[in-house]
Amino acid sequence: MRISELVKELECIGVEDPKTEAQLIIEHLFGVSYAKALLERDRDYDSEKILEILAKRKEKIPLQYIFGKWGFMGLDFFVSPDCLIPRPDTEILVYEAQGLLKIGGSVADLCTGSGCIGLSLLSTRADIERLVMADISRDALEMARKNAHALGLSSKCTLVECDVTRSIPEGRFDMIVSNPPYIPSIDIERLSDEVKNEPRLALDGGEDGLDIVRSLVERVPEHLNENGYFLMEFGFDQGEKIAQIMEKKVTDGVYKSYKILKDYGGNDRVLVAQA
Ligand code: GLN
């Protein structure tokens, strides 16, 4: 199969960006880079494996789950339907965390999923003393464990199975990071078929999407050292509500200050608060 034929097949399936997906599939299966594939436009690739992937894409299984791994912060993370697929916008949270965490600090990653936030932070900040990764899903934690091991970071990591709306792992940390579920329940049905193949547990944030967010904002300060930071991702249209919640918390003296960072699309996306 030629790359142009693959693009057409993907178009017929209705994938959002057939050209990019075609390139990614060719690179994944045959190790041919984007530049090389362009030069060798007429190359005929072995169809068998391509057809297997196309069959799965027809079922709207995300490419990331088909590949079983996906890039985040320049690292490869194992992913499966047990965890959310890492998104580029989440890297904004990690970049900020890299700059804010004190030397030798401790970190907790709540609702860790694949572990991509905590582990990518740990991989670029060798001074981090320990990383606790918590998730309500045992299967997601297995994925985080696998990623910690593959990245050679296991020795500093502790995995905790818990519902963060009931309890946060014991102790105090210099930084707490989180990408909790934040999609309003009613909006889940409107998501793309691909996103609907991601775990609902990682997406559904209750009636207005903020059930877990509110609970975290409430509980996190008791688990932060003085001047510690809380960085949390939230939904593209939730900035105003988050600001309202945080204004009150700052007035009440629960947090010292907060700011909101925008994502690559210019939407409010990340809360950065200092205890
Ligand atoms: N960013 C994801 C999406 O837009 C949602 C992730 C989450 O709920 N934490 O589908």
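The values are calculated or read from the model by the stated rules, or taken from the named source; none is laboratory data. Because the structure is predicted, anything quoted here is derived from the model rather than measured. Glycine also receives a Cβ, built like all others from the backbone with ideal geometry; neighbour counts cover every protein chain displayed. All accessible areas refer to the heavy atoms of the entire protein, side chains included, with ligands and DNA or RNA removed. Shrake-Rupley method; radii C 1.70, N 1.55, O 1.52, S 1.80 Å.
Entry remark, segment 92-112: residues being touching a residue at least 12 places away in the same chain (Cβ under 8 Å) and out of contact with any strand residue (DSSP E or B) (no Cβ under 7 Å at 6 or more places or on another chain) number 4 in total. State the number of residues belonging to segment 1-16 that are in a loop (DSSP other than H, G, I, E, B), closer than 21 Å to Trp70 by Cα and touching an Asp or Glu at 6+ places or on another chain (Cβ under 8 Å). The qualifying residues number 1.
Remark: pairs (first residue in segment 113-135, at positive phi; second residue open to solvent by less than 10 Å² (accessible area, probe 1.4 Å) and part of a loop (DSSP other than H, G, I, E, B); Cβ separation under 6 Å; 6+ apart in sequence or on different chains) = Gly113/Cys83.
Scanning segment 31-55 for residues that are under 20 Å from Phe77 (Cα atoms) and assigned to a helix (DSSP H, G or I) yields a single hit, Ile53.
Determine, yes or no, whether Asp89 is among the charged types (D, E, K, R) and either open to solvent by 70 Å² or more (accessible area, probe 1.4 Å) or without any contact (Cβ under 8 Å) to a residue 12 or more places away in the chain (or both).
Numbers: among the charged types (D, E, K, R): yes; either open to solvent by 70 Å² or more (accessible area, probe 1.4 Å) or without any contact (Cβ under 8 Å) to a residue 12 or more places away in the chain (or both): no.
So Asp89 fails the test.
Residues in segment 17-33 that are within 20 Å of Gly68 (Cα to Cα) and open to solvent by 40 Å² or more (accessible area, probe 1.4 Å): Asp17, Thr20, Leu24, Glu27, His28, Leu29, Phe30, Gly31, Ser33.
Rundown of residues vs (1) under 30 Å from Lys196 (Cβ atoms); (2) surrounded by fewer than 19 Cβ atoms within 10 Å (Cβ to Cβ); (3) within 23 Å of the chain's Cα centre (by Cα), yes/no style:
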site	(1), (2), (3)
Asp46	no, yes, no
Pro62	yes, no, yes
Gly68	yes, yes, yes
Cys83	yes, no, yes
Leu93	yes, no, yes
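Just so you know, in segment 258-275 the residues that are among the small types (Gly, Ala, Ser) and closer than 21 Å to Leu121 by Cβ include one that is surrounded by the fewest Cβ atoms within 10 Å (Cβ to Cβ), and it is Ala275. Where helices (runs of 4 or more DSSP H) fall entirely within segment 151-250, those with at least 2 residues that are buried (at least 16 other Cβ atoms within 10 Å of the Cβ) and more than 10 Å from the ligand (Cβ to nearest atom) are at 211-219.
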